[in-house]
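The values are calculated or read from the model by the stated rules, or taken from the named source; none is laboratory data. It should be emphasised that the depicted structure is a prediction, and the values quoted were computed from it without experimental measurement. Here the Cβ positions follow ideal geometry from the backbone for every residue, glycine too, while neighbour counts run over all protein chains shown.
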Amino acid sequence: MALGPVMLGLEGVELTAQEQELLRHPLVGGVILFTRNYQSPAQVAALTTVIHALRQPRLLVAVDHEGGRVQRFRDGFTRLPAVRRLGEMYDQDRMRAKQLARVTGWLMAAELRAVGVDLSFAPVLDLDHGVSGIIGDRAFHHDPESVADLAHAYASGMQKAGMEAVGKHFPGHGGIAADSHLELPVDPRPLAALEAADLLAFERMIHYGLAALMPAHVVYPAVDEHPAGFSARWLKGILRQRLEFQGVIFSDDLDMAGARAAGSPPERALAALAAGCDMVLACNDRHAAIAILDHLRYTPDPVTQVRLIRLHGRGRPTVERLRHNSVWQRAVRLVHDYDAFPLLEMDI
């Protein structure tokens, strides 16, 4: 069975009988986990094992685990600082900041791989323009070259731990105050202004081989009337053709207010896929998710299948084995206090 184009959210810490049936639906290709799905490392490891056993190829399991405000699993996991801290350090000591970004990316991914999670939707590639509350300290820096430099190091650490990176929110959510969870933001800047700033970080990361991207539920009316995640011009024209991106395109959550302009849940899913997304997220509304599965008409694309399969996590140490690893122990000390400890040579 091929991986379908829909990623679903779950209700609790164990799969219900209905959820097991839904996850076997041919249109489903993945699961996204939230804090409501987490009790402990052992519990979430058991949950991902059950999910992965449901079908072949196994479903992708993802989570938002950036650090700072956005970290779904906390108790039993290392508390990761917001990545702005790395950007502040970058202004003082670029080499140390990049080394610490690599360590942080590795630690985040290694702990998630130990419980069977394939993907974290990270790193954020948005610029910190100082106006967006929803982005804010989730961004590395206000300078696109600095963002790309740090994100490259962060993603290389993730890859070392067996996880590919997912950059977000293309082409940049940091230039407007509105929150796409609550409304549809509009960024009036012309394409040339975006190309000179926000787009640069994405372009650099694509050049470095970024495996996946997530577009923003933001309208850039000087470029297209549709939000970027529903825009063929943004996804097929600029992202695929001009920037030559070959990885997976995930939609942002179709339940967000910024997605509602695209119609009913099935209409949103179809519009996002038609615009160029490979997989759409239906996270928090079970009735909407079922409507998508009932009404979406979709034929698997062999190219999309290859892209998605490449996102499966590699390797899976047990939590106990990871915690006895001296590299993990040093990484935890460094991430708890970036300034307090010397940066020793680490196999990351």
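Yes/no matrix, rows are residues, columns are (1) small (Gly, Ala, Ser); (2) surrounded by 20 or more Cβ atoms within 10 Å (Cβ to Cβ); (3) over 25 Å from residue 252 (Cα atoms):
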position: 38; (1), (2), (3): no, yes, no
position: 41; (1), (2), (3): no, yes, yes
position: 48; (1), (2), (3): no, yes, no
position: 58; (1), (2), (3): no, no, no
position: 62; (1), (2), (3): yes, yes, no
position: 67; (1), (2), (3): yes, yes, no
position: 74; (1), (2), (3): no, no, no
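Return a yes/no flag: does the range 50-70 have any residue that is under 26 Å from residue 139 (Cβ atoms) and among the basic types (Lys, Arg).
Checked against the condition, which is being under 26 Å from residue 139 (Cβ atoms) and among the basic types (Lys, Arg), the range 50-70 yields at least one hit.
Specify the residue that is nearest to the chain's Cα centre (by Cα); the eligible residues are those in the range 186-215 that are assigned to a loop (DSSP other than H, G, I, E, B) and surrounded by 22 or more Cβ atoms within 10 Å (Cβ to Cβ).
Residues of the range 186-215 assigned to a loop (DSSP other than H, G, I, E, B): 187-190, 197, 208-211.
Of the ones still in play, those that are also surrounded by 22 or more Cβ atoms within 10 Å (Cβ to Cβ) are 187, 210.
Details: 187: 22, 210: 12 Å.
Once the filter is applied, the top-ranked residue is 210.
Identify all residues within the range 248-275 that are in a loop (DSSP other than H, G, I, E, B), surrounded by fewer than 21 Cβ atoms within 10 Å (Cβ to Cβ) and touching a residue at least 24 places away in the same chain (Cβ under 8 Å); write none if there are none.
First pass over the range 248-275, keeping only residues in a loop (DSSP other than H, G, I, E, B): 254-256, 263-264.
With surrounded by fewer than 21 Cβ atoms within 10 Å (Cβ to Cβ) added as a condition, the list becomes 255, 263-264.
If the condition is that a residue be in a loop (DSSP other than H, G, I, E, B), surrounded by fewer than 21 Cβ atoms within 10 Å (Cβ to Cβ) and touching a residue at least 24 places away in the same chain (Cβ under 8 Å), then 255, 264 are the ones that fit.
Kindly indicate whether residue 282 is surrounded by 18 or more Cβ atoms within 10 Å (Cβ to Cβ) and closer than 23 Å to residue 212 by Cα. Walk me through it before giving the result.
Values: surrounded by 18 or more Cβ atoms within 10 Å (Cβ to Cβ): yes; closer than 23 Å to residue 212 by Cα: yes.
Yes.
Yes/no matrix, rows are residues, columns are (1) of a type in the set (Asp, Glu); (2) touching an Asp or Glu at 6+ places or on another chain (Cβ under 6 Å):
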residue	(1), (2)
252	yes, no
259	no, no
270	no, no
273	no, no
278	yes, no
283	no, yes
289	no, no
293	no, no
308	no, no
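Of (1) without any contact (Cβ under 8 Å) to a residue 60 or more places away in the chain; (2) within 30 Å of residue 42 (Cα to Cα), residue 132 satisfies all except one. Which?
(2)
For the range 200-225, which positions are over 25 Å from residue 303 (Cα atoms) and out of contact with any helix residue (DSSP H, G or I) (no Cβ under 7 Å at 6 or more places or on another chain)?
Residues satisfying the conditions are 219, 221, 225.
Would you confirm, using the coordinates I've provided, whether residue 22 is more than 20 Å from the chain's Cα centre (by Cα) and within 30 Å of residue 291 (Cβ to Cβ)? Break it down stepwise before answering.
Details: more than 20 Å from the chain's Cα centre (by Cα): yes; within 30 Å of residue 291 (Cβ to Cβ): yes.
Answer is yes for this residue.
Which members of the range 202-230 meet the condition of being touching a strand residue (DSSP E or B) at 6+ places or on another chain (Cβ under 8 Å) and of a type in the set (Gly, Ala, Ser)?
Passing the criteria: 211, 212, 216, 228, 229.
Does residue 126 meet the test of being in contact with a His (Cβ under 6 Å, 6 or more places away or on another chain) and closer than 22 Å to residue 327 by Cβ? It would help to see each step written out before you state the result.
Working: in contact with a His (Cβ under 6 Å, 6 or more places away or on another chain): yes; closer than 22 Å to residue 327 by Cβ: no.
Against the criterion (in contact with a His (Cβ under 6 Å, 6 or more places away or on another chain) and closer than 22 Å to residue 327 by Cβ), residue 126 does not qualify.
Of all the residues that make up the range 305-332, how many are part of a loop (DSSP other than H, G, I, E, B), closer than 14 Å to residue 347 by Cβ and of a type in the set (Ser, Thr, Tyr)?
Residues in the range 305-332 being part of a loop (DSSP other than H, G, I, E, B), closer than 14 Å to residue 347 by Cβ and of a type in the set (Ser, Thr, Tyr): 0 in total.
Conditions (1) touching a Gly at 6+ places or on another chain (Cβ under 7 Å); (2) among the basic types (Lys, Arg), marked per residue:
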site	(1), (2)
202	yes, no
219	no, no
224	no, no
228	no, no
240	yes, yes
249	yes, no
260	no, yes
276	no, no
289	no, no
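Does at least one position in the range 122-137 carry a residue that is assigned to a helix (DSSP H, G or I), within 24 Å of residue 243 (Cα to Cα) and in contact with a strand residue (DSSP E or B) (Cβ under 9 Å, 6 or more places away or on another chain)?
Residues of the range 122-137 that are assigned to a helix (DSSP H, G or I), as a first pass: 136-137.
Next, only the ones that are within 24 Å of residue 243 (Cα to Cα) stay: none.
No, that holds for no residue.
Considering every residue within the range 238-252, establish whether at least one is at pLDDT below 95 and either under 16 Å from the mean Cα position of the chain (by Cα) or within 25 Å of residue 286 (Cα to Cα) (or both).
Keep residues of the range 238-252 that are at pLDDT below 95, which gives 252.
Add one more test, that the residue is either under 16 Å from the mean Cα position of the chain (by Cα) or within 25 Å of residue 286 (Cα to Cα) (or both), and what stays is 252.
Yes, the range 238-252 contains at least one residue that is at pLDDT below 95 and either under 16 Å from the mean Cα position of the chain (by Cα) or within 25 Å of residue 286 (Cα to Cα) (or both).
Every residue in the range 299-326 that is surrounded by fewer than 17 Cβ atoms within 10 Å (Cβ to Cβ), closer than 22 Å to residue 24 by Cβ and of a type in the set (Ser, Thr, Tyr), please.
Result: 299, single match.
Being closer than 27 Å to residue 197 by Cβ and crowded, with 24+ Cβ neighbours inside 10 Å is the filter here; which residues of the range 102-118 pass it? Before the answer, list the steps.
Within the range 102-118, the subset closer than 27 Å to residue 197 by Cβ is 102, 104-105, 108.
Selection gives 104, 105, 108.
Identify, by number, the condition in (1) over 15 Å from the mean Cα position of the chain (by Cα); (2) buried (at least 20 other Cβ atoms within 10 Å of the Cβ) that residue 83 doesn't meet.
The failed condition is (1).
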